[in-house]
Amino acid sequence: MSVPPMQRFIIFHLGLLPGATSSGSADENISNEELCEHILYYQDFRDAAEPRNANIPGRREYNIEEAIKFAGLCTALHTIQANIDGQISIKTSSQTKEVYLSNCILSFVQLEKSEVGGILAVIQFANEKDSRMNSFLSSIRDRILNGHKIFQDTHRGIHQRLLITESEENDVQHYYGMSDFFSLHKRIKILRYNHFNASSESERIDIDHELNLLYGQLNELSLSLPVNQLRNDLKGYYDSYFNNIANEF
């Protein structure tokens, strides 16, 4: 069979959603800046992809809106299939790994050990009807897993890079700076609401002053988060990885 074109590739960590665990549930009223924290790598290979742009520091290499929508779709599908597999007691090795949509196939790869969970890569391919597709997708999953093992050996794993102390827990409480990061965002949202509903100019001035202090703290904290260097390392590694295998896709 001819190799179906790879359309998109994403790595995300459900444990980096505010209020979330590897199940994928999270706070509903969260900003794009908070949402994109769990996206560790995103690449759109489609010729018709929108120009890359972003209004969030450190995310100018891809279209934030598209990445967040794609991550949301993948998270929803992963949650549905995980619930179904769990209800019928399917072993981890046999759980659903592909979702077939009308115009594409999404192939899910759990990148790191099952005890952690929530660290996923999703590959989007064009949906081509061929009896050998399942075998092809299996080989691609294996190749991505082997590639990530090299990343783990050379750069340490995603989970290990983010931890405060050794733990199997994978939520923001156990990752350096992430709990404070989301707490600052929450406080800022409350103050913005209060600013909008302030009854006097002096009250607005006081809120503006506190907001400026919090923005400064947030910026300083953001620069120190291990997840930022992790993203840079993943980008360097996977950009090179896909360049090396570009002729195959």
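How would you rank M178, M6, M133, going from fewest to most other Cβ atoms within 10 Å of each one's own Cβ? List each step's numbers first, then the result.
Numbers: M178 23, M6 20, M133 17.
Least crowded to most crowded, the residues run M133, M6, M178.
May I ask for the net charge around V227, where only other residues with Cβ less than 10 Å from the Cβ of V227 are counted and Lys, Arg are +1 while Asp, Glu are -1?
Details: positive: R161, R231; negative: E37.
The answer is +1.
Add +1 for every Lys or Arg and -1 for every Asp or Glu among the other residues with Cβ under 15 Å from the Cβ of R204, and state the total.
Numbers: positive: R192; negative: E201, E203, D206, D208, E210.
Net charge in that neighbourhood comes out at -4.
Go through segment 34-40 residue by residue and turn each phi into a ³J(HN,Hα) via Karplus (6.51, -1.76, 1.60, θ = phi - 60°); whole Hz please, and just put x for glycine and proline.
6, 4, 6, 4, 7, 8, 9
Filter K97/K186; K69/K235; K189/K235; K129/K149; K113/K189 down to the pairs with a C-alpha to C-alpha distance above 28 Å, please.
Details: K97/K186 35 Å; K69/K235 20 Å; K189/K235 30 Å; K129/K149 31 Å; K113/K189 35 Å.
Correct reply: K97/K186; K189/K235; K129/K149; K113/K189.
By count of other Cβ within 10 Å, fewest leading, how are K149, K186 ordered?
Fewest to most other Cβ atoms nearby, the residues stand as K149, K186.
With the Cα gyration tensor of segment 177-222 giving a ≥ b ≥ c as the square roots of its eigenvalues, does the rule (a/c under 1.5 for rounded; else a/b larger than b/c for prolate; else oblate) give rounded, prolate or oblate? Don't jump to the answer; show the numbers that get you there.
Details: a/c = 4.73, a/b = 2.07, b/c = 2.28.
Oblate, because a/c is 1.5 or more while a/b does not exceed b/c.
Values in this text are rule-based calculations from the coordinates and carry no lab data. Not measured: the values here are computed from a predicted model. So basically every Cβ, Gly included, is an ideal-geometry build from the backbone, and we count neighbours across all protein chains shown.
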